[in-house]
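Derivation of every value follows stated rules applied to the coordinates shown; laboratory data play no part. Worth saying up front: this structure is predicted, and the values here are computed from it rather than measured. FYI the Cβ positions are ideal-geometry reconstructions off the backbone, even for glycines, and counts take in every protein chain you see.
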Amino acid sequence: MTISAITSDTGSAGIADAFATARETFRSGRTRSLQWRKAQLEGLLAFIDECEGEIAAAIGEDIGRGPMATFMADVAPVRHEIRHTLGKLAGWMKPTSVSLNAATAPGKAWTMPEPKGVVLVIGAWNFPVLLTIHPLVSALAAGNTAIVKPSELSGATAELIARLLPRYLDPGAVRVITGDAAVSRELTALPVDHIFFTGSTAVGREIMRSAAANLTPVTLELGGKSPVIVADDADIDVAARRIAWAKSINAGQACIAPDYVIVTESARPRLVERLIEELPARASADSTRIVNRRHLDRLANALAGHGGHQIGGRVNVAKLTVSPALVTDPDLDSQLMREEIFGPILPLISVPTIDDAIDFVNDRPKPLALYVFTESRETERRVLENTSSGSVGINHMLYQLLVDELPFGGVGASGMGRYHGKHGFDTFSHHKAVLRKSTRPDPAVTYPPYGRAMQAI
Ligand code: NAD
């Protein structure tokens with residue numbers, strides 16, 4: 001474990017020190033002003049701007065991703081979020097008036113956002129800057145202090161964040177702690193005021209169990225199997241190109257990547273033909289490798305036992321790569337169809353009708369994202385109204401993530417809570433309810449014993 005602060009403490013003492021410092025800074029009250037919040041956001045912007053080259057190099061070292069892809073996936077979205085938040089923050093911090101009813105008038109009522117306190121942000125490795133700094137933007141904008149734990153699987157990026165990030169921020173307000181699951185467990189046992197976790201559904205359960213001991217609220221940004229439904233009337237060429245593109249980004253290691261395809265039978269032959277062409281073409285543009293041997297073995301196992309027809313899917317242990325694979329008609333009980341894939345393998349199954357596709361989705365845990373390719377508003381409506389997922393992309397994928405004010409988050413097994421833009425600010429704020437009454441008049445009739453006048457109300 002390393003701690004990025006002036007302190008040389010390690011182990012539990014270091015974690016306790018980070019928490020005590022963050023709490024003390026919060027209690028000082030200095031994090032509440034608009035000026036302090038903006039200064040932290042400017043600091044985050046300077047970190048991204050000045051360290052962009054080092055960020056790209058660290059992510060390259062961790063997962064082999066090229067600088068352009070890192071710019072698109074980690075750097076640009078965070079930079080945009082910071083700028084968007086800087087522009088909107090003063091408005092978000094304003095109280096909101098609410099109207100009074102007959103029993104409460106006269107007076108004035110409003111809600112006011114207040115920071116929660118010390119928040120814990122635990123990140124995942126697949127977009128190691130985006131998934132730690134993006135929630136931190138919202139946490140600091142809302143006036144909190146924070147402990148940040150990047151994933152140990154992207155060790156070079158975690159080390160970079162720990163070494164450089166604190167230079168740009170109020171040193172008493174943000175502490176970066178690196179380490180593995182054991183460190184994470186210690187952190188989630190702290191009585192922090194909010195835990196924001198990005199990672200797997202299995203670990204999400206543990207986080208929630210741990211948070212329950214302190215009644216700490218949680219945001220769980222989890223994963224799962226995000227389906228793509230392709231209807232008879234879809235533009236098949238565009239669907240194939242976009243599915244192959246989205247599956248290839250980060251070698252399929254993206255939480256909202258399409259996991260598998262459900263296509264109606266009449267559209268199947270053309271879609272399969274086009275995917276066989278598109279998958280290798282799109283994958284060649286992304287140099288990202290599989291994060292480690294354990295995950296490579298997991299993907300190799302999924303390929304070994306799916307019982308379907310496979311095209312592609314060469315596993316290179318030395319280079320930690322898997323070439324893109326299309327697997328048609330896999331066994332529905334196989335690992336490939338039961339677990340989140342998180343790699344460049346695309347299973348495809350076919351069904352007679354869109355309603356069968358909807359049933360297939362509803363028979364499984366609620367996904368983080370659901371995609372549908374159709375030219376029909378009626379099909380779109382049927383899918384939207386009869387399925388549940390964190391987000392939906394119609395005729396494209398992943399872009400829903402980049403809309404400033406669309407909430408990002410899961411539902412059911414894919415998570416709880418949301419962030420991005422105002423949604424992130426709200427996640428890290430408590431919206432306190434306030435009622436002000438004047439002391440005059442103070443009619444005796446409103447106190448017991450109640451007279452006739454009150455009984456008439
Ligand atoms: P993971 O759950 O293995 O680890 C995530 C974080 O949790 C790491 O920082 C890790 O140190 C910590 N951790 C691991 N075990 C822990 C434990 N027992 N107790 C407490 N903390 C623990 O996930 P991962 O492999 O890093 O990421 C892949 C998963 O994350 C996929 O399921 C993916 O879909 C999901 N994901 C979701 C989003 C999203 O925004 N919803 C984004 C990216 C990834």
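Annotations for the structure displayed:
- Cross-link table Lys88/Lys366; Lys247/Lys319; Lys116/Lys149; Lys38/Lys422, entries beyond 25 Å C-alpha to C-alpha: Lys88/Lys366
- With both residues required to sit in the chain, DSSP beta bridges show an antiparallel share near 40%.
- Straight Cα distances below 18 angstrom link Lys432 to the aspartates and glutamates Glu114, Asp193, with same-chain residues fewer than 8 positions distant left out.
- Taken over the Cα atoms of the chain, the convex hull encloses 177 Å³ per residue.
- Rounded to the nearest Hz, the phi-derived 3J(HN,Hα) couplings of the range 122-128 under the Karplus curve 6.51 cos²θ - 1.76 cosθ + 1.60 (θ = phi - 60°) are 10, x, 9, 8, 6, 10, x, where x marks glycine and proline.
- Per-residue extension of 0.36 nm, minus the Cα-Cα distance of Trp110 and Thr446, leaves a gain of 118.6 nm for this segment.
- Applying 1/(1 + (r/R0)^6) with r as the Cβ-Cβ distance of Asp233 and Gln310 and R0 = 30 angstrom yields a FRET efficiency of 0.55.
- Additional length obtainable on full extension of the chain from Ser200 to Arg163, 0.36 nm per residue less Cα span: 10.7 nm
- Taking other C-beta atoms within 10 Å as the exposure proxy, Lys422, Lys108, Lys319 rank Lys319, Lys108, Lys422 from fewest upward.
- Taking a sphere under 12 Å around the Cβ of Ile122 and counting the other residues whose Cβ falls inside, with K and R at +1 and D and E at -1, yields a net charge of -3.
- Each Lys and Arg adds +1 at its Cβ and each Asp and Glu adds -1 at its Cβ; summed about the Cα centre, the chain shows a dipole of about 1880 debye.
- Computed over neighbours whose Cβ is under 11 Å from that of Pro367, the net charge equals +1, Lys and Arg +1, Asp and Glu -1.
- Our coupling estimate for the range 15-29, obtained by passing each phi through the Karplus curve with A = 6.51, B = -1.76, C = 1.60 and θ = phi - 60°, is 5, 4, 5, 4, 5, 4, 5, 4, 5, 4, 4, 4, 5, 5, x Hz, Gly and Pro reported as x.
- Sorting Ile354, Ile59 by the number of Cβ atoms found within 10 Å of their own Cβ, with the fewest placed first, yields Ile354, Ile59.
- Formal net charge of residues neighbouring Gly223 (Cβ-Cβ distance under 14 Å; K, R +1; D, E -1): +2
- Ordering Met416, Met112 by the number of other Cβ atoms within 10 Å of each residue's own Cβ, fewest first, gives Met112, Met416.
- Measuring between their Cα centroids, the range 386-457 and the range 216-248 lie 29 Å from each other.
- Ordering 153-163, 239-249 by mean Cβ neighbour count within 10 Å, with the highest value first, yields 239-249, 153-163.
- Bridgeable aspartates and glutamates around Lys225 (alpha carbons under 17 Å apart, same-chain partners fewer than 8 residues away excluded): Asp259, Asp329, Asp331, Asp333, Glu339, Glu340, Asp359, Asp363.
- For the chain, calculated [θ]222 nm from helices alone, where every DSSP H run of n ≥ 4 adds -39500 (n - 2.57): -12500 deg cm²/dmol
- Long-range amide H partners of Val230 with built H, under 5 Å: Ile262, Val263, Thr264, Phe373
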